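Trainee: Here's a structure for you.
Please treat every number below as a calculation from the coordinates, not as lab data. Treat the numbers as computed from the prediction; the structure is a model and nothing was measured. Here the Cβ is made from the backbone with ideal geometry for all residues, glycine too, and neighbour counts use every protein chain on show.
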Amino acid sequence: PVVLEGQPALVTGANSGIGRAVALGLAASGADVVVNYVVDPQAAEDVAHRIEALGRKAMTVRADVSSEEDVQSMFASAVEHFGTLHIVVNNAGLQRDAPFHDMTLEQWNKVIGVNLTGQFLCAREAIREFKRRGVVKHISVAAGKLICMSSVHQEIPWAGHANYAASKGGVMQMMRSVAQEVAPLAIRVNGIAPGAIRTPINRPAWETKEAYESLMTLVPYKRIGEPDDIAQAVAWLVSDAADYVTGATLFIDGGMMLF
Ligand code: NAD
């Protein structure tokens, strides 16, 4: 159903994996979409064309989410182009894995810079825009919706990935604090914590039969998640059907958290 018409959305890291599926899912629900990317403009253009094929408007914007300057100019051009934003999905993320004793400051800073500081910079611009505009009654009950992509590793420790787990734990507490702060302004802020999803970031965990079987020992539902599993949840969370949901984390993990 088309429930997001008139609600422009911005998705970071929207040219790959989960972000791509989320951008297409929002467009399928009626939103025009800003497709952010940092590398591979061709993949971003491809997502934009698919959004247009769904009858929605799209624009691609290159911005490194860990750069304050890039993020501010991305939001300025998005607002200039679409008039405003009602939905922002903080999705961009990466990994720089290493045994803890060998982890370099560069690996640490890169992951915290993109996964946590990047979400702070985009969340701050999102809240500023939602606050400036306020509720538009015939468009949505809320004045704006922010989604922060976390991970089951906001809770489950992950040996060899301490920087990543720390960044996602940080995302969770930032999300909850912001949700509490802006709830009186009718702005909703929620988290999504995916388990194992079939995307390039974790290819080694699913591309061989052996790796897949070993991954499945961690997943009670016995299948890997698909990017669309996340996209469906995001489309619901930002719709008015989820209007009483804020500060929540939705785990989409085939039951991984049950262990
Ligand atoms: P992916 O590698 O396919 O996509 C990540 C996207 O982020 C890419 O488009 C990449 O270019 C972009 N990106 C990286 N650095 C950026 C920067 N500085 N500025 C802008 N964009 C940048 O991986 P994915 O699995 O789709 O990951 C999306 C999100 O989901 C990430 O936050 C990741 O931590 C989270 N997540 C993924 C899984 C999984 O199993 N795939 C599980 C839990 C959480």
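Trainee: For Lys209, go through the lysines and keep the ones whose alpha-carbon is under 24 Å away, minus same-chain ones fewer than eight residues off.
Mentor: Leaving aside lysines fewer than 8 places away in the same chain, those within reach of Lys209 are Lys222.
Trainee: Which value at 222 nm does the chain reach when only helices count, each DSSP H run of 4 or more adding -39,500 (n - 2.57), with the total divided by all residues and rounded to the nearest 500 deg cm²/dmol? Write out the running numbers ahead of the final one.
Mentor: Numbers: 8 runs with 103 residues, N = 259.
Computed mean residue ellipticity for the chain: -12500 deg cm²/dmol.
Trainee: To continue, here is another question. Highest mean first, how do 207-215, 229-237, 21-29 rank when packing is the count of other Cβ atoms within 10 Å averaged over residues?
Mentor: Averaged packing, sorted descending, gives the order 21-29, 229-237, 207-215.
Trainee: Using the alpha-carbon centroid of each, what span in Å lies between the range 175-203 and the range 105-129?
Mentor: First find each Cα centre; the distance between them is then 13 Å.
Trainee: Something else now. Give the calculated FRET efficiency between Trp236 and Glu106 to the nearest 0.05, with a Förster radius of 30 Å applied to their Cβ-Cβ distance.
Mentor: 0.20
Trainee: A further question on this structure: List the aspartates and glutamates whose Cα lies under 15 Å from the Cα of Lys57, skipping any in the same chain that are fewer than 8 positions away.
Mentor: Here the aspartates and glutamates satisfying the reach criterion relative to Lys57 are Glu5, Asp32, Glu45, Asp46, Glu80.
Trainee: Enter the per residue convex hull volume of the chain, computed from alpha-carbon coordinates, in Å³ rounded to the nearest integer.
Mentor: Measuring per residue, one finds 125 Å³ for the Cα hull of the chain.
Trainee: Which of the lysines could a cross-linker span from Lys131 if the Cα-Cα distance has to be under 20 Å and same-chain partners fewer than 8 positions apart are dropped?
Mentor: Counting by Cα, and skipping residues close in sequence, Lys131 has these lysines nearby: Lys145.
Trainee: Mind listing the long-range amide H neighbours of Thr60? Cut-off is under 5 Å, sequence gap 5 or more, other chains count too, H placed in the peptide plane at 1.01 Å from N.
Mentor: Val35
Trainee: Taking neighbour Cβ counts within 10 Å as the exposure measure, how do His161, His101, His86 sort from fewest upward?
Mentor: His101, His161, His86
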